[in-house]
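Laboratory data are not the source of any read-out in this text; all were calculated from the coordinates shown. A quick note: this is a predicted structure, and the numbers were derived from the prediction, not measured. Here the Cβ is made from the backbone with ideal geometry for all residues, glycine too, and neighbour counts use every protein chain on show.
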Amino acid sequence: MKFFIINSFRAMVYIAYLAIIAAGALYGVIQQGTLAAAYGLTGDMARVAEIAGFTIAGWIVASIICGLIVAVLDIRDDINDRLPDARRDS
């Protein structure tokens, strides 16, 4: 059972990682180059730059969020591993 739980958390992080990156890319597509136009880019180059920028931003945000999820789950796991020892020693 522990194997299934650990792998389900791992799958959750992988899915969340890809979903956040895809959401960033999709947001770049939805913007249609309006943000990049503010920096002087026009036409298709503005759309490509904006999609690439939001995809990279999504990758950075996904790395931070999924890293925090893994860190919190690891801390929780360490606490749960030590909890029986604390009960036994008291």
Does TYR14 satisfy the condition of being under 30 Å from ASP77 (Cβ atoms) and free of Cβ contacts under 8 Å to residues at least 60 places away in the same chain? yes
Specify the residue that is farthest from TYR27 (Cα to Cα); the eligible residues are those in the stretch 42-67 that are assigned to a helix (DSSP H, G or I) and of a type in the set (S, T, N, Q). SER63
Residue count for the stretch 43-60, restricted to those that are of a type in the set (A, V, I, L, M) and out of contact with any Gly (no Cβ under 7 Å at 6 or more places or on another chain): 6
Taking the stretch 28-51 as the region of interest, how many residues are at positive phi and either surrounded by fewer than 17 Cβ atoms within 10 Å (Cβ to Cβ) or under 23 Å from the mean Cα position of the chain (by Cα) (or both)? 3
